[in-house]
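Heads up, the thing below is written out as C-alpha cells.
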Amino acid sequence: MNLIDIDDFDVPQLHRVLDTALAMKTGEKEPPGRLAGTSLGMLFERPSTRTRVSFEVGMTQLGGHAVFLGKDDIQLGRGEPVKDTARALSGYVDAVMARVKSHDDMLELAEYAEVPVINGLSSDAHPAQTVADLLTIREHHGFEDTTVAWVGDGNNVGASFLVGAAMVGLDVRAATPEGYEFSDDTVERADAYDGDITTTHDPISAVEGADVVYTDVWVSMGEEEEREEKVADFEGFQLNEALLARAGDPSVLHCLPAHRGEEITDDVMESERELIWAQAENRLHGQKGILAELL
C-alpha cells in the first residue's frame, strides 16, 4: 500500500503505527534489524531538514538504508516523465519517499511505482507530519476529551492533520482567514470519522478552552512574493500570549520551520507551553512507525 494522505491508513492501522512508533521510542520494541536489507529511495524536489533526516536516520535505526536523490540528482527536472522514474526506482528500492511540488506528480508516482510510496510532502498533503503530530498529542494529552485548535492557513499540513485528528477521535476547531479555508473535500473526509470538526474565521473562539493550539507558516516555500499580502490577510491569527491566554494554558505545536514574529512569536516558541521540539523529535519515531507498517 501507499501513504499519499493520512486516510490511506484505516483507523486500526493508524493506531497501530502510533503504537509501534511509541513502543520503539520507549524501548519496548527494539528497532535495529527490523528492516535489514531494505532500501528507501528519497526523492526531494524541495529542500528539507526534518523530513530528510527523520526518514534517513529512521531507516538506519531499523537496519535498512536510505538513498537521497535531490533535484539535481534525478531526471524529473530534465524532462523524464514521473512514471518512468517510478518504474525505474521500483527495480532498485523497497519503497519510495517523495517530497514534491505537485500533488499530481505524487499520485502519478504512486500509480506507476511497484513499491510503496510515502508522501513526504506535496502541495495537498503531509501525512508523515501528521503521524508525528498525533504521536505528540497522544504522549502529552491523550486523545480522549482533547480539543485542538488549528489557527492559520488551511494548507497541506493542516489538511492532513484535520483528517488524522478526526480519525483518532480528537475534537478540532480550525480557524482560518476568509479565502484560506480548508477545502470542502478535506472537511468532508474529516467528518466521516469520530472526531468533531468545527471551522470558523474567528481565532479567539477556536482557541477558547483548547488543550492544544497548532499553527504553521503563513508563507510557504515558493510563495515569498505573496508575503506582504498574506501577512495582512492573517492579521489576528498570530500565536502570541494574548491569544493563547484565551485558551487558558494550552500546549503549542508548530511543524517547523517557523517564521518567528509572523505566525508565532519568539516568546511562545520559547515558552514552557511549547511541545514543538518534542513534536520535531517525533518525526523520527513517527517515520519509523510508518516504515515498519509499510515494509
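Throughout, read-outs are computed from the coordinates displayed, never taken from laboratory work. All values derive from a computational prediction rather than experimental measurement. In this analysis, Cβ positions are derived from the backbone assuming ideal geometry, glycine residues included, and neighbour counts consider all displayed protein chains.
Packing order of peptides 129-137, 102-110, highest average first: 129-137, 102-110 (average count of other Cβ atoms within 10 Å over each peptide's residues). Placing one equal scatterer on every Cα of the range 99-148 and applying the Debye formula, the log10 ratio I(q)/I(0) at q = 0.13, 0.25, 0.28, 0.30 Å⁻¹ is -0.44, -0.86, -0.98, -1.08. The base-10 log of I(q)/I(0) for the range 31-124, evaluated at q = 0.23 Å⁻¹, reads -1.19 [Debye formula, identical scatterers on Cα atoms, solvent excluded].
Over the residues of the chain, the helix contribution to mean residue ellipticity at 222 nm works out to -12000 deg cm²/dmol, using -39500 (n - 2.57) for each DSSP H run of at least 4. When both the range 149-180 and the range 211-257 are represented by their alpha-carbon centers, they are found 13 Å apart.
Annotation for the range 158-233: GluC sites (Glu not before Pro) lying in DSSP loop with at most 15 further Cβ atoms inside 10 Å of their Cβ are GLU178, GLU208, GLU223. Sorted from longest to shortest, the spans of the Cα atoms of the chain along the three principal axes equal 54, 46, 35 Å.
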